[in-house]
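Everything below concerns the one structure shown next.
The values are calculated or read from the model by the stated rules, or taken from the named source; none is laboratory data. The structure displayed is predicted, hence computed values, not measured ones. Positions of Cβ are backbone-derived with ideal geometry, glycine not excepted, and every protein chain shown enters the neighbour counts.
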Amino acid sequence: MKTYILAINASHRGEKGITSLLLEKIKLGAEEAGTTWKTLNLAQLKINRCLSCYQCQRGKNSLTCVYNEKDDARLVFEKLSAASLVIYATPIYLMTMSGLIHHHVDPSISSKPFLPLIVCGNLETNSWKNAADYFRIYARFMEARQVGLLVRNASQLFEVGENPRLLQRYPKVRDVLSAYRQTGRGLADRGYVDWWTQRRANQEVIPVPFFGLLKHFRPVKRRVIEVLNTPSYFTDETGKHEFKK
């Protein structure tokens, strides 16, 4: 199954963010499997907010926005219509997703199989659950097939790239990045993310036994947050500061 994959990156940081870095790993695997890939960085586009004017719901203006010739929303919809599979990638800002766009029920746009990629620095499940629930409801409402769910917490650990010192402290980071590459291959070959690859991609990377349970205890959580937010913790062998807020 060779597909045309469209990735919509809703990060405010565009190509400079962790969301983009993770998308690049998926893209690498997808292109290795022979698929076509396109990324749209919404931060680089001009998309006006909805005015709730209802002009797109009336008569000859049906499905035509008043901003149709004045911003880039139509470009996004055209790319969505041409895609075989869509990745909706969003960081979590203030417990919810970024400004991903929604459209009137048009099967050529809204009913495409899709994969959500949710990226957050927080370790709490509740910080990203709101976004995951949105996509689950979206899939039902739009009769769109959700082909997996990627959730990457502790995202700070991925921003510094393949730092040998970091990878020594957090060896699971490398395995997660490998799983993202395998995700791309799976999407290209089968059109979905298999259970084992998704589990590897979503695994906890903090090297503490039973961390998935322990992270909910306040003293443990406080200590981890303290470490992850210490810039000097992310330096290379030369002492150069590599961590970017």
Criterion violated by Asn163 - all others in (1) modelled with pLDDT of 95 or more; (2) under 21 Å from Glu15 (Cα atoms) satisfied: (1)
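Quick grid of which residues meet (1) within 21 Å of Tyr88 (Cβ to Cβ); (2) in a loop (DSSP other than H, G, I, E, B):
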position	(1), (2)
Leu167	no, no
Leu177	yes, no
Leu187	yes, no
Gln203	no, yes
Per-region count, the stretch 3-26, residues out of contact with any Ser or Thr (no Cβ under 7 Å at 6 or more places or on another chain) and closer than 19 Å to Lys79 by Cα: 4
Condition check for Val208: modelled with pLDDT under 80, at negative phi and either outside any loop (DSSP other than H, G, I, E, B) or touching a strand residue (DSSP E or B) at 6+ places or on another chain (Cβ under 6 Å) (or both): no
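Check Tyr180, Tyr233 and return the single one that is modelled with pLDDT of 65 or more and either of a type outside the set (A, V, I, L, M) or surrounded by 11 or more Cβ atoms within 10 Å (Cβ to Cβ) (or both).
From the options Tyr180, Tyr233, the qualifying one is Tyr180.
Yes or no, residue by residue, for (1) at pLDDT below 95; (2) touching an Asp or Glu at 6+ places or on another chain (Cβ under 9 Å):
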{"residue": "Lys38", "(1), (2)": "no, no"}
{"residue": "Ala43", "(1), (2)": "yes, yes"}
{"residue": "Asn61", "(1), (2)": "yes, no"}
{"residue": "Thr64", "(1), (2)": "yes, no"}
{"residue": "Lys79", "(1), (2)": "yes, no"}
{"residue": "His102", "(1), (2)": "yes, no"}
